[in-house]
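One structure below.
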């Protein structure tokens with residue numbers, strides 16, 4: 001009887017200790033969850049605060065100096081107009097996307113739909129694209145200077161800058177297209193093949209429209225990189241403030257224009273005004289692209 005009483009007491013003690021440990025564990029888990037939640041809120045607040053500070057600083061510094069002379073179609077040392085740079089930015093963006101987007105999308109289609117799984121060549125291509133995406137833009141600029149500007153004899157031109165930028169954004173479009181195509185369910189392919197639809201028709205009529213929102217997301221990111229690029233364009237497109245009449249003329253984009261005004265030190269206020277316009281252009285492009293991606297997603 002005494003042994004049974006002792007075992008009973010020991011069992012009760014162990015149960016109480018187990019309950020205590022459970023309560024401590026629950027308390028620690030709640031504390032950990034609260035700590036993670038607080039850390040997340042702090043990081044989000046810091047990120048949003050930093051963004052608002054940068055945007056507010058640019059607006060405060062630049063909005064008072066936005067005037068009609070900045071939007072003149074001819075640039076001179078008095079008005080330091082940004083309109084030629086804005087038009088050159090649009091031309092550079094469209095030309096770069098015209099070169100890089102088809103190559104990137106078709107490369108993604110090949111890697112996902114046609115290349116065999118486990119192919120060594122596919123692994124090499126993916127490793128190469130990841131390596132290219134991590135190269136600094138100044139290296140691309142030096143390559144464009146040596147190859148397009150000097151070796152091919154294009155000089156400082158819109159075409160040299162567009163080809164350099166297309167090489168820069170090609171890995172991003174390739175990877176985004178590849179991931180978007182991978183996200184399309186295999187049941188789409190199986191259903192199409194079961195109905196007797198060919199491979200090429202399946203890809204362009206079923207798979208590609210379904211993956212289009214993801215592909216457009218990569219193109220939107222590419223546009224942001226093109227608009228904000230400076231170093232690569234200084235070495236390839238030049239810094240001439242004019243509206244280019246052909247692809248072999250030199251021109252400057254908004255980011256290069258802002259850099260030129262800031263580095264000269266004579267028109268700092270107009271540089272801030274250019275930063276405001278550049279910010280509005282980026283917001284407008286992203287908004288339009290996002291709405292376009294949503295509309296295409298609803299259509300598919």
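The values are calculated or read from the model by the stated rules, or taken from the named source; none is laboratory data. In this text the structure is predicted, and so the values were computed from the model without any measurement. Neighbour counts are summed over all protein chains in view; Cβ atoms, including those assigned to glycine, are modelled from backbone coordinates with ideal geometry.
Details
- In this structure, residue 273 does not satisfy being in the same structural domain as residue 150 (by TED's automatic domain parsing), touching a residue at least 24 places away in the same chain (Cβ under 8 Å), part of a loop (DSSP other than H, G, I, E, B) and surrounded by 15 or more Cβ atoms within 10 Å (Cβ to Cβ).
- Cβ separations smaller than 7 Å between residues 6+ apart or across chains give the following pairs from the range 184-211 residues that are outside any helix (DSSP H, G or I) to residues that are surrounded by 11 or more Cβ atoms within 10 Å (Cβ to Cβ): 184/207; 184/210; 184/211.
- All positions within the range 52-70 that are under 17 Å from residue 282 (Cβ atoms) and part of a loop (DSSP other than H, G, I, E, B): 66
- Scanning the range 45-63 for residues that are in contact (Cβ under 8 Å) with a residue 24 or more places away in the chain and more than 25 Å from the chain's Cα centre (by Cα) gives 61, 62, 63.
- Condition met for residue 164 (part of a helix (DSSP H, G or I), buried (at least 20 other Cβ atoms within 10 Å of the Cβ) and at negative phi): yes
- Criterion: buried (at least 19 other Cβ atoms within 10 Å of the Cβ) and assigned by TED's automatic domain parsing to the domain that holds residue 276 - qualifying residue of 99, 105: 105
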